[in-house]
1. Between residue 115 and residues 5 or more places away or on another chain, which pairs have amide H atoms under 5 Å apart, with H built 1.01 Å from N, and which residues are they?
2. Using θ = phi - 60° and the Karplus form 6.51 cos²θ - 1.76 cosθ + 1.60, what ³J(HN,Hα) does each residue of the stretch 272-281 get, whole Hz, x for Gly and Pro?
3. Below 20 Å, Cα to Cα, which lysines can residue 128 reach? Residues fewer than 8 away in the same chain don't count.
4. Calculate one ³J(HN,Hα) per residue across the stretch 324-332 by plugging θ = phi - 60° into the Karplus curve 6.51 cos²θ - 1.76 cosθ + 1.60, and present them in order as whole Hz with x for glycine and proline.
5. Angle, helix 36-53 long axis vs. longest principal axis of the chain, Cα atoms, 0 to 90°, nearest 10?
6. Hey, what's the Cα Rg ratio for the chain versus the globular rule of thumb, 2.2 N^0.38 Å?
7. Give me the percent relative contact order of the chain, please, defined on Cα pairs under 8 angstrom at least 6 residues apart.
8. Pulled fully out, how much extra length does the chain show between residue 320 and residue 80, if you take 0.36 nm times their separation in residues and subtract their Cα-Cα distance?
Amino acid sequence: MTVRAGREFLSIPGPTVIPDAVLAAMHRPAVDIYSGPLVVLTDSLLADLSKIFRTQGRSYIYIANGHGAWEAALTNVLSRGDTVLVLESGRFALGWGDAASMLGCEVEILPGDFRRAVRPEAVKTRLKADAKGEIKAILVTQIDTASGVVNDIEAIGQAIRAAGHDALLLVDAVASLACMPFEMDAWGVDVAMSGSQKGLMTPPGLGFVAAGARAREAHKTANLRSPYWDWTKRDGEVHYQKYAGTPPEHLLFALRAALDMLFEEGLDNVFIRHRLLAEATRRAVGAWAEGQAIAFNISEADERADTVTAVITRNGESAQPLVDYCREKCGVVLGRALGASEGKGFRIAHMGHINAPMILGTLSVVEMALAALSIPHGKGGLTAAIEYLAKSVPA
Ligand SMILES: *Cc1c(COP(=O)(O)O)cnc(C)c1O
């Protein structure tokens, strides 16, 4: 017996739900790659990406996923043998560090905790000990999608300056851009990167990088530069060079539609919507956790991300039956637990094109699964979520 016919609810932290308007924008013939409207489209997208990163610096669009944008960020500012400090708080900064290592950088990990955010004080202490200034760049994620943590990038930027260190700050904003505030220039971020398929509500396939003034200076002498990723090659007036070849036309049409939707709603409203739906999710999980079988992965309440909530089982039991129940019986696809809690938890995404019925529907199904599988849980999770939203979204 199942109740899963109808639209499947994709509740994984990327790719996220693609709005109908974004899908529709792609349903058109290809255009001449030298046509005027395509040039105008590119100019508008690059300007709007810088607006979303909140930088006066230039943005770049790559035909790539987030892993590609990682490589773009690294190769444009670093040289073989440079030391890179990775701030651990989950899985993704470590993955970025692995890429740096393969490219020939010396990678040092500032050890973190899969259940906590990066501690800015620890960053300051490590940098102060680097009297010779060997660390050239610092890699950190704003939201780590595996652990469900949000890092305080502003405080990390301040810690770097307080240590009097001039390492470049490189930030992964794949799971946070256009979902929560990001202030590239004001926070002292030198390079920021993201991808199309999370908060930006566009199909996977575009990687974005924004470069600040100090990054551009480092770029002049970086020897990891390579033809496809190179900023200088993409900086000229020739439109074809902005993509190092044929533009990903249909993804650009899609991105235009998605950015139009975000601007129409207003970024501040988008951030508030994410915060409200994330908090509703946390209210539900908080109530369920009283049954002692499941818990938030992130132990500190103020370090939990507004785009994904990671839940773990307390006795290390597999969460696969719950994930399977939600998908097979009800048509809700939850994220699996990654990293330290692999298999022993699940993740609820609340990122991108989401609204109250999607999140409340997802939470209802999780609560239904907890009951159907007789997993001990506190009652009233869904009610707590509804009551929170009713109070926070007045008539
Ligand atoms: C999804 C994600 C990535 C990787 O993006 P891909 O497009 O899968 O390569 C990197 N960092 C974070 C924080 C992510 O959430």
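1. When sequence neighbours closer than 5 places are left aside, there are no close amide H contacts.
2. Rounded to whole hertz, the list is 5, 4, 4, 5, 5, 6, 5, 5, 4, 4.
3. Qualifying lysines at Cα under 20 Å: 136.
4. Karplus-based 3J(HN,Hα) across the stretch 324-332 equals 5, 4, 4, 6, 6, 8, 10, x, 10 Hz.
5. Roughly 70 degrees, rounded to the nearest 10.
6. Details: Rg = 21.3 Å, N = 395, 2.2 N^0.38 = 21.3 Å.
Ratio of Cα Rg to 2.2 N^0.38 Å: 1.00.
7. Relative CO of the chain lands at 23 percent.
8. Numbers: separation 240, 0.36 × 240 = 86.40 nm, distance 4.25 nm.
Full extension from residue 320 to residue 80 adds 82.1 nm.
Throughout, read-outs are computed from the coordinates displayed, never taken from laboratory work. Computed from a prediction, not measured in an experiment: that's the story for all the values here.
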